[in-house]
Amino acid sequence: MVTPFHVIVLSELYLPAESGTGFLIGKIAEGIATRYPVTVLCGSPSDQSISRIPAVENRNGVIVQRCAGTKFNKNKVWLRTLNLFTISFSIFLKAMRMVRKGDKVLVVTNPPSLPFFASIVCMLRQAKCYLLIHDLYPEVLTAAGLLAPESLTARSLDWLNAWLYKRMEKVIVLGRDMSRIVARRHHPVDSRVVIIPNWADVDEIVPLQREENAFLAQLDLLGKFVIQYAGNMGRTHGIENLLASARRLQNRNDIHFLFVGEGAKRQWLEESVKAFGLGNVTILPLQPRRKLCELLNACDVAVISFIPGMAGLSVPSRMYTIMAAGKPIIAVADEDSELALVVREEEIGWVVPRDRPELLIEVVQRSQSEPEVAQEMGKRARRVAEHKYSFKRVLEIYQNLFAIQ
């Protein structure tokens, strides 16, 4: 493959890591590699279940070079910060040796320090830098309560991001809400902002017959209406209201709540379920990706829940996989978030304000009492995933973006 440039992808996480970012960046890189030569600089998987992998390998047409970094407890903020800095600096050193004039560098905001190192590399090597925003900083930190909005640190980070965006060839955002924030706060770069959503793997994730679901059978839930929350249980995810709903409905033997995932709030969830003696709640650990299709089908309705103020700061990739599984969505989110906009526009579920727990309970009960409505929403979600959010469609946007000289 002969082209005047190489595409260099910089990311902390990459395949075979099964985290959202690692999987998504992996698919993007492999898709771009069908048209351009691609090299990925990334960290090593922290998952102990993944067997030792080589420092350099050709993975599905992508040259992957793994960089060293610390792997301290990521649930402790200062240790996670140290991890992010060391892997960013390690990737920076390798990128300085690899990037050449005219190359195109795609860098993701995980970790948030990495784009700054990438911009320095591109400036020194006369390469073009493309920023893919998965999470918007410092806003995510302030929404999670880890940083005061008017603090010197927050204002400094905002200034640094404005500096960073101006040096990007393109700023890729995942949704309309994120686009508005970037354009409003950093208006000199609004012409560079490109919306490229995440996607649904409509071949891997498909609707399955409920009666044959192994998860529901093993958990003895085949005869119950199941509300599922599957994904990260981090500081920005609002699982508190969902647990409050489970408490209010604990006498409804026909409704069950299934939580699946890991994160900073997982321990709190387990302790709360035990303290309140909630027999209508089941908590499972994060499942391997090979079980994702069956897991997403192990429910009647899926819930995606955020804390207040997250509109534009993060667009959940799980929204698209839930749609591919043909499940309706209860979105506990800000009214103007991409999540809420899609759910409303496509009529594939319900939007519940974060500060209305009684409304969430009402929606749960309504979805259970009107199964035909929920099923029709699920069918519509699958059609939307196939026609609007397929990987083929998203990949074409990325390939055309790099084709622009």
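Odds and ends about this structure:
- The range 207-291 - percent of accessible surface contributed by carbon and sulfur, probe 1.4 Å: 46 percent
- Projected-area mean, the range 143-250, by convex hull of Cα positions, square nanometres: 11.0 nm²
- Going by accessible surface with a 1.4 Å probe and the largest first, Lys274, Lys94 read Lys274, Lys94.
- Heavy-atom accessible surface of the range 98-158: percent carbon and sulfur, 1.4 Å: 60 percent
- By accessible area, using a 1.4 Å probe on protein heavy atoms only, the range 317-373 has 45% of its surface on carbon and sulfur.
- The alpha-carbon positions of the range 364-403 define a convex hull whose volume is 62 Å³ per residue.
- Taking every protein chain into account, the accessible area of the chain amounts to 44 square angstrom per residue (probe 1.4 Å).
- A P(r) calculated from all alpha carbon pairs of the chain, with 20 Å bins opening at zero, reads 27, 58, 15, 0 percent.
- Coarse-grained scattering of the range 189-270 at q = 0.24, 0.27 Å⁻¹, given as base-10 log I(q)/I(0) from a Debye sum over alpha-carbon atoms: -1.21, -1.25
- Rounded D (µm²/s) - the range 281-326, Kirkwood Rh over Cα pairs, Stokes-Einstein at 10 °C, 1.306 mPa s: 128 µm²/s
- Across Lys94/Lys128; Lys27/Lys104; Lys71/Lys274; Lys128/Lys166; Lys224/Lys265, pairs whose alpha-carbon gap is larger than 22 Å: Lys71/Lys274; Lys224/Lys265
- Degrees separating the helix 20-32 axis from the principal Cα axis of the chain, which is the longest one: 50 degrees
- Counting only protein heavy atoms and using a 1.4 Å probe, the accessible area of Lys166 comes to about 110 Å².
- Only Lys, Arg (+1) and Asp, Glu (-1) charged, at Cβ; the range 139-256 dipole about Cα centre in debye: 640 debye
- Think of it this way: in the chain, Cys42, Cys67, Cys293, Cys299 stand alone, with no other Cys Cβ under 4.7 Å.
- Relative to the 2.2 N^0.38 Å rule of thumb, the range 241-375 has a C-alpha radius of gyration ratio of 1.02.
- Our helix-only sum for the chain, with -39,500 (n - 2.57) per DSSP H run of n ≥ 4 divided by its residues, gives a mean residue ellipticity at 222 nm of -12500 deg cm²/dmol.
- Extension gain from Glu270 to Asn251, taking 0.36 nm per residue of separation minus the Cα-Cα distance: 4.9 nm
- Phi to ³J(HN,Hα) by Karplus 6.51 cos²θ - 1.76 cosθ + 1.60 over the range 375-392, Hz, x for Gly, Pro: 5, 5, 4, x, 4, 5, 4, 5, 5, 5, 4, 5, 8, 10, 10, 7, 5, 4
The values are calculated or read from the model by the stated rules, or taken from the named source; none is laboratory data. Being a predicted model, the structure only gives us computed values, none of them experimental. Counting neighbours? That spans all protein chains shown, and the Cβs are built from the backbone with ideal geometry, glycine included. Keep in mind that these areas ignore ligands, DNA and RNA; they rest on the heavy atoms of the full protein, side chains included. Shrake-Rupley method; radii C 1.70, N 1.55, O 1.52, S 1.80 Å.
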